[in-house]
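Only one structure is covered here, and it is reproduced in the block below.
The values are calculated or read from the model by the stated rules, or taken from the named source; none is laboratory data. On a predicted model such as this, the values are computed, not experimentally measured, just so you know. A quick note on method: Cβ atoms are made from the backbone with ideal geometry, for glycine too, and the neighbour counts reach across all protein chains shown.
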Amino acid sequence: MSMKNILFRLLFFAVLITTFSCQPGEVEKKDRGFLRVDNNGRYFVFDDGTPYIPVGFNKFIFYEDSDEAIDSLLNLWSAHGINYIRVWLGGGSDPEFPVGSFDEVRMRKIDYILDKCQEYGLYVSLCLWNDNTLRFDVGYGWNNKRMGYNKAIDSLGTTDDPEDLKGIDHEPSWNAVLNRYEVFVKRWNHHKSLMMWDLVNDSKKTTEWKAEMYNHVRALDPENHIIGFQYNTGRNPKGEMDCGSVRVYEYNPGGNDPELMAEALFKRVLEALPFGDPVYCGEGRMHNGEASEEEIERFFLHTLWGPLAVGSAGNLHAWICPTAEGRWPDHTMQELKYFKTYSDFCQTINWSEFDSKSMMYRVSCTDKQVEAYACGDNQQMMIYLLNDDPEDKFEPIITNMTMNPGLSNPPYKLEWIDIRSGMVIKEETIESFPANISVPAFEDGIFAHLIK
């Protein structure tokens with residue numbers, strides 16, 4: 001291991017000692033500045049140089065919760081290594097109603113969330129608009145009671161046609177939306193717990209709208225926050241924003257299957273990376289109400305650890321929306337424990353110095369039902385092996401892995417990490433490449449970290 005990596009890990013353990021000396025949920029209160037895209041254009045970094053990778057999920061209308069519930073949940077999440085949430089402004093609970101008027105109760109609740117996130121060490125992707133509100137087939141869509149832009153709902157609405165809100169040509173609608181974004185950006189740009197402005201959820205916007213709104217928000221924000229964007233399932237902004245995102249749900253790629261969905265997500269990350277921006281996994285989830293406990297766990301763990309090995313800046317951010325059918329419930333305590341072990345590993349990596357590139361073609365397994373994913377740079381490599389068992393038995397499998405990462409000056413240390421405990425279950429020294437390696441027995445997935 002290089003002296004630089006030794007020093008970084010010593011610093012990490014010093015931070016852990018400080019953290020664990022606090023009460024549960026408390027974090028070291030240090031002003032690290034604002035979050036930026038790192039110099040490699042791959043991950044994120046604070047102004048003071050501290051690396052950051054988002055670990056978390058979507059809590060879409062969090063501002064509908066009470067202050068007590070918000071405080072309690074942030075405390076719980078922070079204690080389990082969560083450092084990221086995505087929050088919508090809209091979707092049946094829009095703070096703007098009627099057009100041009102903003103509900104101060106909801107606005108103050110968002111103030112409270114951002115303040116509390118700063119206290120607990122969580123960072124927020126704030127989604128400023130949801131294009132699903134332009135749909136006719138959902139209850140929170142065009143005809144919901146707080147869709148103020150619809151003239152049929154409110155006399156101050158701007159249009160009868162939701163299509164007018166997808167571009168910039170309908171002047172009353174475009175001007176109203178420009179004002180909406182200005183109000184939001186001016187109110188919250190000073191918050192250091194704000195990771196990024198997420199311009200639109202499930203976007204159907206025109207190219208002109210995207211370009212004009214990006215420039216509008218950039219000009220309004222003196223702190224120069226990251227600007228992101230979320231398309232429909234499986235799509236990526238393709239260099240149009242400061243970072244890209246991809247998604248996966250059970251309805252796309254068309255099957256509530258953990259391995260099928262995880263593999264689709266990894267493929268989408270790989271397709272997005274060539275555009276040169278950080279690619280993080282946006283929202284997504286399988287239909288928990290129609291899956292077994294084993295399937296739910298496999299999907300959660302695949303999409304927690306696996307994205308790191310394809311170059312994603314963090315895990316899949318699960319969609320949380322509890323319903324009677326149990327489709328997208330709150331995370332269980334066991335899942336929060338899994339988050340903690342994953343988050344602890346993430347803190348050992350200096351992401352702002354990890355200039356990762358895909359190394360898929362440099363790793364293969366002898367057992368063809370094991371899919372191998374890998375990324376790395378000239379100092380380290382991350383690997384995820386996914387057992388796509390065609391019989392869905394997921395009994396312990398033993399396979400060999402051939403690895404030729406193109407790294408110079410061995411030896412390197414290879415650590416095999418159990419995705420449930422986060423513990424290193426096997427460690428070995430690789431003296432030369434290509435290397436033929438015996439993989440520890442695993443059932444569904446296993447993570448490996450190769451480091452100088």
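Candidates are the residues of the stretch 398-411 that are outside any loop (DSSP other than H, G, I, E, B) and under 30 Å from the mean Cα position of the chain (by Cα); the one that is nearest to VAL363 (Cα to Cα) is MET403.
Every condition in (1) in a helix (DSSP H, G or I); (2) free of Cβ contacts under 8 Å to residues at least 60 places away in the same chain holds for LEU336 except the one numbered (2). Here the stretch 231-254 is the region considered, the condition is being of a type outside the set (Ser, Thr, Tyr) and either assigned to a strand (DSSP E or B) or not assigned by TED's automatic domain parsing to the domain that holds GLU271 (or both), and the residue that is surrounded by the fewest Cβ atoms within 10 Å (Cβ to Cβ) is ASN252. Total residues in the stretch 166-191 satisfying the condition of being touching a His at 6+ places or on another chain (Cβ under 8 Å) and of a type outside the set (Ser, Thr, Tyr): the figure is 3.
Output the residues belonging to the stretch 283-301 that are under 13 Å from TYR249 (Cα atoms) and touching a residue at least 60 places away in the same chain (Cβ under 8 Å). Passing the criteria: only GLU283.
Could you say whether any residue in the stretch 180-201 is surrounded by fewer than 18 Cβ atoms within 10 Å (Cβ to Cβ) and either farther than 28 Å from VAL37 by Cβ or at pLDDT below 95 (or both)? Looking for residues that are surrounded by fewer than 18 Cβ atoms within 10 Å (Cβ to Cβ) and either farther than 28 Å from VAL37 by Cβ or at pLDDT below 95 (or both), one finds none in the stretch 180-201, hence no. For the stretch 133-149, does any single residue satisfy the condition of being of a type in the set (Asp, Glu), within 27 Å of VAL246 (Cα to Cα), in the same structural domain as ASP103 (by TED's automatic domain parsing) and surrounded by fewer than 17 Cβ atoms within 10 Å (Cβ to Cβ)? Checking the stretch 133-149: at least one residue is of a type in the set (Asp, Glu), within 27 Å of VAL246 (Cα to Cα), in the same structural domain as ASP103 (by TED's automatic domain parsing) and surrounded by fewer than 17 Cβ atoms within 10 Å (Cβ to Cβ). Candidates GLY25, GLY56, GLY41, GLY33: the one that is modelled with pLDDT of 50 or more and out of contact with any strand residue (DSSP E or B) (no Cβ under 7 Å at 6 or more places or on another chain) is GLY41.
Of all residues in the stretch 414-437, those satisfying the criterion of being part of a strand (DSSP E or B), under 30 Å from GLN334 (Cα atoms) and not acidic (Asp, Glu) are LEU414, TRP416, ILE417, VAL424, ILE425, LYS426.
Inspection of the stretch 280-287 finds no residue satisfying the criterion of being surrounded by fewer than 24 Cβ atoms within 10 Å (Cβ to Cβ), over 18 Å from VAL55 (Cα atoms) and out of contact with any Phe, Trp or Tyr (no Cβ under 9 Å at 6 or more places or on another chain). Inspection of the stretch 99-107 identifies at least one residue that is touching a Gly at 6+ places or on another chain (Cβ under 7 Å) and either crowded, with 22+ Cβ neighbours inside 10 Å or not in a helix (DSSP H, G or I) (or both). Flag: TRP129 does not match the condition of being free of Cβ contacts under 8 Å to residues at least 40 places away in the same chain, assigned by TED's automatic domain parsing to the domain that holds SER78 and among the hydrophobic types (A, V, I, L, M, F, W, C).
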